[in-house]
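Quick notes on the structure that follows.
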Amino acid sequence: MVLYINKTTVLTNLQRGNTEATFCPVEVKLSFHERAGQGELTDEQILQQKAINIDFKDSFGFTPLHWACYYGQFATVQSLVEAGANINEEAPEMVTPLILAASGGHHEVVRLLLDKGAESTHMDIVGNTALMYAAAGNHPHTCNEILSRDPDMTATNENGDTAYALAIENGSTLSQAVLEQYLTAVLSL
């Protein structure tokens, strides 16, 4: 039996001629809201902001909790809620953190908000609920989270659309199946 030993040379990045890139010579400073959206807030920063106002709105009218929910930053949402952020705070057009989390399909954030008392039947300025956004966006797990809270399946927006109609209209077959299963279960009671 012949044993071949493969001798390879491992070069470091420096030996290859690679050096650290200075991508941006200017230090980028993010606002509290932007850091919330990126999930880069520490508990200490949140507590410092709580002492001032945890629900302060940015120039767009959104709170840090809105940003964290929109981007599905679960840990940041949890920390903000524990610090006392208003889970039903309305941004422009009556948008709540729950609606933003549902529109992105962030079902774990949706579950947390609902557990903490978020209004599942709240409607935005055109009458859409979190369930409607989840259904239209084809987010079946999010639909399931909202459906577990006994929502109003007959709610309609200003166009007369229900969550089920929006799922069909947007080709959201997975959400449509979840809604059909829920309706079948309710009708068979």
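The values are calculated or read from the model by the stated rules, or taken from the named source; none is laboratory data. It should be emphasised that the depicted structure is a prediction, and the values quoted were computed from it without experimental measurement. Note that each Cβ is placed from the backbone with ideal geometry, even for glycine, and that neighbours are counted across all protein chains shown. When the accessible area is computed, the model is the full protein with side chains, heavy atoms only, and any ligands, DNA or RNA have been set aside. Shrake-Rupley method; radii C 1.70, N 1.55, O 1.52, S 1.80 Å.
Structural remarks
- Condition check for Leu80: within 30 Å of Phe56 (Cα to Cα) and out of contact with any strand residue (DSSP E or B) (no Cβ under 8 Å at 6 or more places or on another chain): yes
- Test: residue in the stretch 111-119 that is touching an Asp or Glu at 6+ places or on another chain (Cβ under 6 Å), among the hydrophobic types (A, V, I, L, M, F, W, C) and closer than 21 Å to Asp58 by Cβ: no
- Checking every residue in the stretch 36-45 against the condition of being open to solvent by 20 Å² or more (accessible area, probe 1.4 Å), under 23 Å from Asn157 (Cα atoms), under 16 Å from the mean Cα position of the chain (by Cα) and free of Cβ contacts under 8 Å to residues at least 60 places away in the same chain gives zero matches.
- Scanning the stretch 106-154 for residues that are among the polar types (S, T, N, Q), closer than 24 Å to Pro92 by Cβ and touching a His at 6+ places or on another chain (Cβ under 9 Å) returns Thr129, Thr142.
- Verdict on Ala101 being crowded, with 22+ Cβ neighbours inside 10 Å and in a helix (DSSP H, G or I): yes
- Residue count for the stretch 116-174, restricted to those that are surrounded by 23 or more Cβ atoms within 10 Å (Cβ to Cβ), of a type in the set (Val, Ile, Thr) and in a loop (DSSP other than H, G, I, E, B): 1
- Restricting attention to the stretch 51-74, the residues that are in a helix (DSSP H, G or I) and at pLDDT below 95 add up to 2.
- Residues in the stretch 66-93 that are without any contact (Cβ under 8 Å) to a residue 24 or more places away in the chain and within 13 Å of Leu112 (Cα to Cα): Glu82 alone.
- Check on Leu166, under 24 Å from Asp115 (Cβ atoms), modelled with pLDDT of 95 or more and not polar (S, T, N, Q): no
- Subset of the stretch 116-158 (residues that are in contact (Cβ under 8 Å) with a residue 12 or more places away in the chain and farther than 21 Å from Ile87 by Cβ): Val126, Ala135, Ala136, Asn138, Pro140, Met153, Thr156, Asn157, Glu158
- Residue match in the stretch 87-96 (condition: in a loop (DSSP other than H, G, I, E, B), open to solvent by 30 Å² or more (accessible area, probe 1.4 Å), of a type outside the set (A, V, I, L, M, F, W, C) and touching an Asp or Glu at 6+ places or on another chain (Cβ under 6 Å)): yes
- Hey, Thr63 over 22 Å from His122 (Cα atoms), touching a residue at least 24 places away in the same chain (Cβ under 8 Å) and surrounded by 21 or more Cβ atoms within 10 Å (Cβ to Cβ) or not: no
- Condition met for Val110 (open to solvent by less than 60 Å² (accessible area, probe 1.4 Å), among the β-branched types (Val, Ile, Thr) and part of a helix (DSSP H, G or I)): yes
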